Structure formats: C-alpha cells, structure tokens
C-alpha cells in the first residue's frame, strides 16, 4: 500500500479506464536469448572491455496484483524505452522484471553515474493510462573482463551485486568488486562445508550463562554454534546460519541444534543441576516447516524434558514477514510447554505491541540499548521503559551484551531481571556450563576467569 495512487475526481471511486488491447514489445524469451548472445559476443571479442548493468524491479509483484498483466507490460515497455534513451541501445529485457544493459567502453565510474541517473528516475512516478505508480529498482554493476571471464561468471556476479543493493533498500546500486568477490568465495566455501560439518559432527556448540538478579545466581543459558573451516578459521552461527538458509541446509542444522539441546537438558537434569532453561535460536524458516512441531515433540519425548526447560529464541524480524504462520506455530509450542523468547526486543523490526498478541514468555532487550547506557541518556530512558513494560506484562526480560560495571549498575537500577554478557561470563563448553549453572558469581569466579583467559589466548 502507498506505492501507487489513483487519480480520481472528488468523492468518486471509479476504476481506471478500461485498458486498450496491448501487445508485448517483444515475444517471450527473445529478450533473454538475444541478451545471452550479445553478452557472449561482447566478452569474447578481442580487447573488449566495459561494464554490464543489471536492473531489477523490486515491487513489481504488488503492481501486477493491483493493476493486472497488460498494465504492467505497458509499464515495462515504458521503462525499457526510458532505459534505451539514456543508454543509447544495448538494452535487453532479460527475465521477467530484469533488464541488462551492455555498456561498452564504460569505466566503473561512468557506469555508476549512469546508474545514479536511472535510479533518480525511479524516485518519481510512472504514468500509465492516466494512473500514477511508483516502481522501485535495484542495480548491480560488473566490469569485464576484470571481474568476469565468461557469461556465466558475469551473470552470477551481477546477481550478487543486485542482492547487495537490495540489502540497502529500494533504489540502490552496488558495484561488484574484489571485496564482494572475496565474500562470494567465502560464502561458497562455507556453504559447501556445512554438510561435511554435520556428517562429521564438527558443529561446535557453546553456551553463554545468564545471571538472574533476583536469585543472585546463573539460572539459564543460551547455546551458540560455530565451525572451524580450514583456510577460513572459526565461523560463528551469525554468519553461517543465513548461508544455510539460502542454501537449503537450515533444516538439517536447525534440527541438529534442537536434538543437541535435548541431550544437554537431559544431561543437566541427570547431574542434578538447578536451572530454568536452555535456549537455542530458531530460524523463521524452521517455524513454517510442516514437520517442525513434530520434531520438537520428538525431542521433548525422547529426552523427557519437563515443561519450561527447553526455550526457543525467535528474532523479532520474523514477526514482520510471516507473522500469521509464526503466530500459529508459536501458540502450539507454548501449549507444549516450550519457553518462547523474542530476540531484539525494541529494535523496531516488529512493533513492541506484538508481545500482546504472541505467547511470548521472555524477551531479550536489543543490545544496542545496553551498549549505550553509559553514553546516551535517551537510550537509557528507552531501555528503562522497555524493562518496565515487560515487568508490567509479566514477561521475563534479558539484557544482552553487558560488558562494564556501569552498564550492570544501570540495569540493576531498572531492576532488569536477567543479564548476560562478557562481564558475567564468556561462552563456554558444556562441561564448564555444568559447573557454572546454579552458582553465584562468587562461587563460579575462578571457573569464569579461567574461561576468560582462554578467550584471550
């Protein structure tokens, strides 16, 4: 909504005039085939150099749903006509809502200036059949032969550049460069190694204990995963889980983590440890899998996990994208006795009021507020307000990223129930966690200091 406007007379709600018959500018498939042919000719030509520009129309699906096929084909034709004017030819409608422009003899600087000009046009409305609409775009640029020796490489690099632009929002551009290439190779290496890591049980699971202010001891813990890849080093879950989501490996990794958590809880109970819960992060992709609830039930039954001991953490950004499905799944989990934790509370990805509609037991305060407690009075006020909201709603709240005594004192003044961070304890192996859970800061001081020294080596 808000992406387009109908021009209409006052107090009328009539639809746009009936569209005239429209014939697409070019038969389906011709643009792509011709584009591939021209790219092949361009890259294989002696001493050939330049830049290829790829433009992707971001919100076209919603426009098509609202205005229909023929209207949108006219819009595409108008966009292609405009691109042809500013680039003087060599423009091709590649696939669907993607255009490719071959800029022979262009430097990256010249191509970037052109891309800026094109994106400036997309800041304004397109008028089709008397109706104004806004259409946003992302542009990726890749020079040849420097960054692409053949068409296949070129297209892959253009996709990466467009994806990079999309991360920055509508009407943005990105240039494929050596840094992006390095990141691409790294992502490929990680994606390829994930299956091996699973098969060889090389996914290392570590834990960060959480301190309970009221009880004065460590009562819960979060699990983290990491892997060591030869030639890359240690790779944390924050990096490899998004890669696993993109490569389709998130189910295997997510269910591995779930089963590992079940074993850990069973071990802690058998050893007599006193704790509230063990928490694992869950990808939103898992929450909408048909077998996810069954997998959680299996773990609970297999390891005889009492109610409340297993906690699942959901990032609040998931609530803004697939809210309905997540809501249904979360209610089922809640009814099963699983503790539900919302991460990044107060970040703005999902409204604070979402906790009113969801069966959330616990929220994690966005760590930015914790880090700014000492330097930003406004941040401190927001943090205090969010803590108070959670308390009044009967929801537990955890402050992450506590690193200094001043941050601790500020959180204590707000009576923040749970606190977590390097000030209290670093991440640790499971055997160390067993020694720490249920203890006071004083009782675990020696163990924690030893773990901190290990982190510095």
>> Nearest 10 degrees is fine. How inclined is helix 108-121 to the longest principal axis of the chain, computing both from alpha carbons?
In response: 90
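Can you put 273, 107 in order of Cβ neighbours within 10 angstrom, beginning with the fewest? Don't skip to the end; give the middle numbers.
On the way: 273 16, 107 13.
Ordered from fewest to most neighbouring Cβ atoms within 10 Å, 273, 107 come out as 107, 273.
Based only on other Cβ atoms within 10 Å, what is the fewest-to-most ordering of 164, 271?
Details: 164 18, 271 9.
In order of increasing Cβ crowding within 10 Å: 271, 164.
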> So, how do all the Cα-to-Cα distances of region 173-305 break down into 5 Å bins, in percent, from 0 on up?
Replying inline: 2, 9, 17, 18, 17, 14, 10, 6, 4, 2, 1, 0
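Going by C-beta contacts inside 10 Å, put 303, 211, 82 in order with the fewest on the left. Working shown, then result.
Numbers: 303 18, 211 25, 82 15.
Result, fewest neighbours first: 82, 303, 211.
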> Could you give the angle, 0 to 90 degrees to the nearest 10, between helix 30-44's Cα long axis and the longest principal axis of the Cα atoms of the chain?
Replying inline: 90
>> Starting from the 7 Å offset along Cα-to-Cβ, what nm value, one decimal, do you get for the label separation of residue 293 and residue 36?
In response: 4.4
> region 402-457 to region 131-164: how many Å between their Cα centroids?
Replying inline: 46
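Projected area of region 124-235, taken from the Cα convex hull and averaged over every viewing direction, in nm²? Walk me through the numbers on the way to the answer.
On the way: hull surface 56.7 nm².
Taking a quarter of the hull surface, the average projection is 14.2 nm².
What number, in percent, do you get for the relative contact order of the chain if the mean sequence gap of Cα pairs under 8 Å and at least 6 apart is divided by its residue count?
On the way: 716 pairs, mean separation 53.2, N = 457.
Reported as a whole number, the value is 12 percent.
Dividing the alpha-carbon Rg of the chain by 2.2 N^0.38 Å yields what? Let's see the in-between values first.
Working: Rg = 26.9 Å, N = 457, 2.2 N^0.38 = 22.6 Å.
After normalising by residue count via 2.2 N^0.38 Å, the value is 1.19.
Every number here is computed from the coordinates shown, using simple stated rules; none is lab data. In this text, all values refer to a predicted model and were calculated from it rather than measured experimentally. Note that each Cβ is placed from the backbone with ideal geometry, even for glycine, and that neighbours are counted across all protein chains shown.
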